[in-house]
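Participant: Please see the structure below; I have some questions.
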Amino acid sequence: MAGILEGIRVIEVASMAAAPSATVMLADHGAEVIKIEPLAGDPWRYGHMVAGMPKSKIAYTTYTQNRTKKSVALDLKKPEAQAALLKLVATADVFLTNSPRNVQKHLKHTYEDIKAVNPEIVYAWINGFGLEGPDKDAPGFDMTAWYARTGIMEELRPKEAGPVPLPVGTGDLNTATALFSAVMTGLFHKERTGKGSKVSTSLMNNGLWANSSMMQAALVGAPAMKKYHREEWPNPVTGGVFKTQDNRYVIIVELNPNNVDNLRDAFGADHLKGDERFATPEQRAVNHQALFDEMQAIVGQHDLAKVKARLKEFGVNFSVVQTTEECTRDEHMIANGCFPEVEGTDGIRTIDSPIQVEGNGINKVKPQNPPKVGEHTMSALTGLGYSEEEVQALVAAKAVGLPR
């Protein structure tokens with residue numbers, strides 16, 4: 001079984017999270033991804049050591065950003081390294097970068113530089129704030145460009161409270177899926193026409209897209225969505241969050257108004273039968289606070305296990321508010337292959353990329369151990385015609401790096 005992108009070569013000049021995550025998705029589907037990184041490595045290889053991140057001796061950030069790739073270490077400030085990069089580009093189908101515009105110019109990998117070597121290439125670029133406008137060259141991270149700038153941070157700010165932090169990488173990984181799609185669109189265009197293209201996306205554009213329900217409301221002049229404390233939610237049957245006896249939470253989302261009886265019957269709340277306050281959607285809207293209080297009183301009498309069992313038995317649409325650690329043990333997620341084991345490791349699992357393709361003779365590539373920095377420098381450069389002696393001379397000049 002081969003990945004659907006087998007035979008596609010991707011050259012990545014990128015760091016941190018969004019762009020390298022997109023190339024992981026390409027590698028998952030069979031592309032050969034050659035990661036060009038500084039001699040010290042992509043800084044996000046050491047993300048597990050960043051203040052505030054979960055502490056571990058395992059460099060866990062590299063599994064979602066660098067697995068199943070090859071690593072060539074080049075100091076692109078050196079002309080010899082730039083020449084080696086362009087020789088690699090000449091053999092590639094895709095070039096992908098998140099370098100700022102001034103860095104592209106300084107290190108000779110603008111679209112014009114790359115197209116001059118390989119006119120048919122798909123050149124993919126991701127940045128913080130898009131290609132035009134006064135902030136086009138501003139530095140952008142998902143916390144700024146995806147989260148704060150696009151209204152999401154304000155939408156998620158609790159009532160009468162300050163903004164909440166974004167889980168690390170949330171905007172990056174969502175944007176990576178868009179970048180993957182952009183690359184695939186470029187490859188489709190190339191397949192049809194034989195011509196290359198420049199494709200792009202930005203953290204800002206993806207944040208706006210993620211916030212599109214509220215953004216579209218604003219675009220037609222609707223007021224901002226009102227903020228509520230948990231206990232004040234105006235439709236407890238659709239989106240109500242309830243606390244269990246053992247201090248866990250469940251969210252209930254019943255869009256069908258006829259299913260409200262299922263929720264009542266799940267807990268034997270016979271005293272609510274015939275209660276005119278809750279007989280119709282309109283009456284429930286008027287009396288939403290009383291309905292929430294009744295539901296919370298019922299749920300609060302039971303621990304999470306009991307609540308789950310009863311809601312499942314009566315077909316109520318709900319979810320437990322799970323912890324991240326609980327997800328790693330979720331039988332349903334495991335059954336869907338969400339946490340495949342990384343080959344070449346001692347049982348380390350990773351997160352499957354979210355796009356599945358089924359077909360005769362194709363399959364996803366099993367996740368491979370992330371490469372050491374410069375692990376493939378020698379093989380990649382000798383494959384371009386460099387002799388081992390020439391590569392060693394480049395090492396001595398600190399233009400390229402070999403694994404340490």
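The values are calculated or read from the model by the stated rules, or taken from the named source; none is laboratory data. All values reported here derive from a predicted model rather than from experimental measurement. Glycine gets a Cβ as well: all are built from the backbone with ideal geometry, and neighbour counts include every protein chain shown. Each accessible area value is taken on the protein alone, full model and side chains, heavy atoms only, with ligands, DNA and RNA left out. Shrake-Rupley method; radii C 1.70, N 1.55, O 1.52, S 1.80 Å.
Participant: Checking the cross-link filter: which lysines have an alpha carbon closer than 23 Å to that of residue 308, excluding same-chain neighbours under 8 positions apart?
Facilitator: Straight-line reach from residue 308, under 23 Å: 243, 273.
Participant: Could you tell me which of rounded, prolate or oblate describes region 55-152, using a ≥ b ≥ c as the square roots of the eigenvalues of the alpha-carbon gyration tensor, with rounded for a/c under 1.5 and, failing that, prolate when a/b is larger than b/c and oblate otherwise?
Facilitator: Numbers: a/c = 2.02, a/b = 1.21, b/c = 1.67.
It comes out oblate by the Cα gyration axes.
Participant: Also: Straight-line reach from residue 77: which lysines have Cα under 19 Å away, leaving out those fewer than 8 places along the same chain?
Facilitator: Partners found: 35, 87, 105, 108, 398.
Participant: Another one. Enter the accessible area per residue of region 173-327 (Å², integer; probe 1.4 Å; all protein chains in place).
Facilitator: Working: 8770 Å² over 155 residues.
On a per-residue basis, region 173-327 sits at 57 Å².
Participant: How many percent of the accessible area of the chain is carbon or sulfur, using a 1.4 Å probe?
Facilitator: On the way: 11770 of 21070 Å².
Within the chain, the accessible surface is 56 percent carbon and sulfur.
Participant: Below 13 angstrom from the Cβ of residue 93, what's the summed charge of the other residues (Lys, Arg +1; Asp, Glu -1)?
Facilitator: Working: positive: 9, 190, 195; negative: 6, 12, 32, 120, 191.
Net charge around residue 93: -2.
Participant: Something else: Just one of (i) 18.5; (ii) 24.5; (iii) 29.2 is mean projected area of the Cα convex hull in nm² calculated from these coordinates, so which is it?
Facilitator: It is the value labelled (ii).
Participant: GNM, the chain, Cα, under 10 Å: largest mean-square fluctuation among 317, 118, 211?
Facilitator: Result: 317 has the largest fluctuation of those listed.
Participant: Give me the accessible area per residue for region 51-90, probe 1.4 Å, as a whole number in Å².
Facilitator: Per residue, region 51-90 has an accessible area of 45 Å².
Participant: Under a 10 Å cutoff between Cα atoms, tell me which one of 361, 128, 207 has the largest fluctuation in the Gaussian network model of the chain.
Facilitator: 361
Participant: Moving on to the next point. Quick check: net charge around residue 71, other residues with Cβ under 11 Å of its Cβ, Lys/Arg +1 and Asp/Glu -1?
Facilitator: Working: positive: 35, 45, 69, 70, 372; negative: 12, 37, 42, 375.
Taking every Cβ under 11 Å from that of residue 71, the sum is +1.
Participant: Could you compute the net charge surrounding residue 244? Neighbours are other residues with a C-beta less than 12 Å from the C-beta of residue 244; K and R count +1, D and E count -1.
Facilitator: Working: positive: 243, 248, 306, 308, 310; negative: 246, 303.
Overall, the nearby charge balance is +3.
Participant: Follow-up question, since we're still on this one. Which pairs in the list 57/372; 136/195; 115/190 are over 25 Å apart, alpha-carbon to alpha-carbon? Present the calculation step by step, with values, prior to reporting the outcome.
Facilitator: Working: 57/372 16 Å; 136/195 27 Å; 115/190 14 Å.
136/195, as the Cα separations exceed 25 Å there.
Participant: Run down the aspartates and glutamates and flag those whose C-alpha is under 16 Å from the C-alpha of residue 306, throwing out any fewer than 8 positions away in its chain.
Facilitator: Within reach: 246, 265.
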